[in-house]
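The structure appears below as structure tokens.
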Amino acid sequence: MARLDNKVAVITGAASGFGEGMAKRFAEEGARVVVADLNSKGADRVAGEIGKQAIAVTTDVSQRSEVDEMVAAAMKAFGRVDIMVNNAGLTHRNGDMLGVDEDMFDLIAAVNMKAIYYSTLAVVPIMERQGGGTIITTASTAGLRPRPGLTWYNASKGWAITATKSMAVELAPKKIRVNCLCPVAGETGMLAQFMGEDTPEKRAMFRASIPLGRLSTPLDIANAALWLASDEAEFITGIALEVDGGRCI
């Protein structure tokens, strides 16, 4: 029996990067998957590559109405939601904290923070009726070991980690587990912004800060998320799992 048989997962930011990795890995293990992303073409591509056990939903997670529509689409297609993955994320370019304008700050807060609130409002009542579920958020090593240059992004991920822990305690009586992942920088569309510029020299500098000597990959994150989503982790809640090659040591 596959590890996610009979389970339905909603994954935001699933048109590329870590989210795409999770969507495909979850499907390999039997899950039916809602591939949600603002990039509709990318979401369609990923869902198409997975096949009949996936649907694509175009979703702006900064808008509550669209998050509600995403969850409604999951219920219409599959009849339940067992796993909610808050993976969509946004960062400002690495640089002076004073150079981040208010519009960018507000967008980071909406995507990295408020979207978790929106999805929680949408899925917790469903999970409670079902007798349980699991919520996973893609946070970051930046929320645990912040460094200069990404201050407002770092702060948003620290918020996500604290929200995860508080939600875990409050939702435990409902048999809803809540955890987050803390990846180190990886091969995703946001890498250039994390580094300020994508050059061989910058990549070498980032790799040098990771004891295992490489950046993260979507499969690294997907395998960690798969474990947290599976029944193998049924006694795990409230953790911020570092998937970072030793970066946070």
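The values are calculated or read from the model by the stated rules, or taken from the named source; none is laboratory data. The shown structure was predicted, so the numbers you read here are calculated from the model rather than taken from an experiment. Using ideal geometry, Cβ is built from the backbone for each residue, glycine included, and neighbour counts are taken over all protein chains shown.
Some notes on this structure:
- Residues in segment 151-165 that are surrounded by fewer than 24 Cβ atoms within 10 Å (Cβ to Cβ) and either outside any helix (DSSP H, G or I) or among the β-branched types (Val, Ile, Thr) (or both): Thr151, Ile161, Thr162.
- The number of residues in segment 61-101 being within 15 Å of the chain's Cα centre (by Cα) and surrounded by fewer than 18 Cβ atoms within 10 Å (Cβ to Cβ) comes to 0.
- No other residue among Ala109, Ala168 is under 23 Å from Ala233 (Cα atoms), touching a residue at least 24 places away in the same chain (Cβ under 8 Å), outside any strand (DSSP E or B) and of a type outside the set (D, E, K, R) apart from Ala168.
- Subset tally (residues that are surrounded by fewer than 22 Cβ atoms within 10 Å (Cβ to Cβ) and assigned to a loop (DSSP other than H, G, I, E, B)) for segment 14-54: 8
- Of the residues Asp82, Asp103, the single one that is out of contact with any Asp or Glu (no Cβ under 9 Å at 6 or more places or on another chain), in contact (Cβ under 8 Å) with a residue 12 or more places away in the chain and charged (D, E, K, R) is Asp82.
- Verdict on Tyr117 being among the aromatic types (Phe, Trp, Tyr) and in contact with a helix residue (DSSP H, G or I) (Cβ under 7 Å, 6 or more places away or on another chain): no
- Looking at Thr141, Thr188, just one residue is buried (at least 19 other Cβ atoms within 10 Å of the Cβ), closer than 29 Å to Met97 by Cβ and modelled with pLDDT under 95, and that residue is Thr188.
- Condition check for Ala224: closer than 30 Å to Arg32 by Cβ and aliphatic (A, V, I, L, M): yes
- Just one residue in the set Thr120, Thr91 is part of a loop (DSSP other than H, G, I, E, B) and hydroxyl-bearing (Ser, Thr, Tyr); that residue is Thr91.
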